[in-house]
Amino acid sequence: MANILLTGGTGYIGAHTAVFLIESGHTPILLDNFCNSSPKVAQRIEQITGVLPKVIEMDVLDTTALTEVLKTEHIEAIIHFAALKAVGESVEKPLAYYQNNVTGTLSVLDAMQRAGVHHIVLSSSATVYGEKGVPPMREDAPLSATNPYGQTKVMMEQIIRDVAVAQKDLRYAMLRYFNPVGAHPSGLIGEHPRGIPNNLMPYIQQVAVGLRERLSVFGNDYPTADGTGERDYIHVMDLARGHVLAVARLLAGNDSFTVNLGTGQPVTVLQMIHAFEQASGQTIAHTIAPRRAGDVASVYADPNLAKQLLNFTTEYSVNDMCRDAWVWQSRNPNGYEDA
Ligand code: NAD
Ligand code: UFG
């Protein structure tokens, strides 16, 4: 049982991972600057688990303060979630993205070396497979990026691999998430993006509660089952459980590894809309719009390596994803604002 630092720990995936870590007997410590989250999430985690996790307000760029935290909290592993993640914004503000995500990772690795922490799990993304990959995506595919956000993930991975060559005792797990959706089935924690959502599921959720009028379906002339784009949506509960398995594998003394976390099952935009309508009983008004720049027809995981290394397979269906997203959104239409 370990003390584990979650950078970006009050964010969407961090909060769900904290729940699983607590339920597995670990002690997660959530470090965040709250640029895209709320400290109120800690009370929600307590409501779910009975344990109030420690939250530290800090920027990962503050290497000195981070080093102190690693020492004083006796941290054995870091799960590095903290990053900016909006693709469109990264095109507008590349410096902010490189600074936060790439320099942030350098700072985390520097602090780990100073404090003698040897295990890191990185939030990577299917975005590192670029636009030329042919699904199902395998971990040994060449990496590339089509926007600054994706580029930061490619760079964060490369930096960690390089540092691990030099520091023989460093062990890493790169987790390449496909499309995380859904919420804790309690409806107590979930995702509430600031401003207009970029991603499909949060947009659908906001249409369902009346925060947005209608969804634009970006293209219906792709070579897919119904012409709309297909992705590999993974329930955040499955994703969070994957982190516990990954950190346990590292702490057990195994070698570094890189795995996809996805279901391996592609789902189209229209299939997702229909599943959400069924789960929520709401009608999702939508219109077919032109393709979104930079989008590809189809992205889904080859999930076999995660099965082999972590014995990880997903348990939640698309209907579960929609049901839990709806419970969260309908009970918290303004996210944690009203908590
Ligand atoms: P999120 O925005 O909810 O969580 C990220 C957290 O990091 C936020 O709480 C934010 O306040 C914090 N943060 C950002 N910069 C920081 C800094 N400099 N110092 C301290 N805290 C900082 O996003 P999420 O969906 O939970 O994503 C977590 C990680 O997973 C990110 O690295 C993201 O790139 C990656 N990822 C997410 C998705 C997705 O679709 N959600 C897909 C693939 C990969
Ligand atoms: N879509 C719509 N309308 C919307 C939003 C999305 O039709 O309003 C469509 C997209 O065209 C795509 C699908 O829904 O076909 C999924 O789009 P998302 O934006 O939800 O997800 P992406 O796969 O395009 O990208 C997301 C993140 C990336 C990350 C990638 C893989 O935004 O940062 O998942 O993890 F890299």
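The values are calculated or read from the model by the stated rules, or taken from the named source; none is laboratory data. Bear in mind that the values here come from a model prediction, so they are computed numbers and not experimental data. Here the Cβ positions follow ideal geometry from the backbone for every residue, glycine too, while neighbour counts run over all protein chains shown.
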Please tell me if Ala293 is within 23 Å of Leu211 (Cβ to Cβ) and within 16 Å of ligand 2 (Cβ to nearest atom).
no
Look through segment 124-138, keep the residues that are crowded, with 19+ Cβ neighbours inside 10 Å and of a type outside the set (Ser, Thr, Tyr), and return whichever of them is farthest from ligand 2 (Cβ to nearest atom).
Pro136
Scan segment 163-172 and tell me whether some residue there is within 15 Å of ligand 1 (Cβ to nearest atom), over 25 Å from Tyr316 (Cβ atoms), hydroxyl-bearing (Ser, Thr, Tyr) and modelled with pLDDT of 95 or more.
yes
Looking at segment 114-123, is at least one residue within 16 Å of ligand 2 (Cβ to nearest atom), within 19 Å of Ala15 (Cβ to Cβ) and crowded, with 23+ Cβ neighbours inside 10 Å?
yes
Would you tally the residues in segment 173-208 being buried (at least 20 other Cβ atoms within 10 Å of the Cβ), more than 12 Å from ligand 1 (Cβ to nearest atom), in contact (Cβ under 8 Å) with a residue 24 or more places away in the chain and part of a helix (DSSP H, G or I)?
4
For segment 174-185, state whether one or more residues are over 23 Å from Pro266 (Cα atoms) and among the polar types (S, T, N, Q).
no
Among the residues of segment 105-130, count how many are near ligand 1 (Cβ under 10 Å from one of its atoms) and either in contact (Cβ under 8 Å) with a residue 60 or more places away in the chain or of a type outside the set (Gly, Ala, Ser) (or both).
8
Of those in segment 155-197 that are in contact with a strand residue (DSSP E or B) (Cβ under 7 Å, 6 or more places away or on another chain) and β-branched (Val, Ile, Thr), the residue nearest to ligand 2 (Cβ to nearest atom) is Val181
Here the qualifying pairs (Cβ atoms under 7 Å; residues six or more apart or on different chains; first in segment 146-159 and farther than 14 Å from Met174 by Cβ and part of a helix (DSSP H, G or I); second more than 8 Å from ligand 1 (Cβ to nearest atom) and of a type in the set (Phe, Trp, Tyr)) come out as Pro148/Tyr97; Pro148/Tyr98; Tyr149/Tyr97
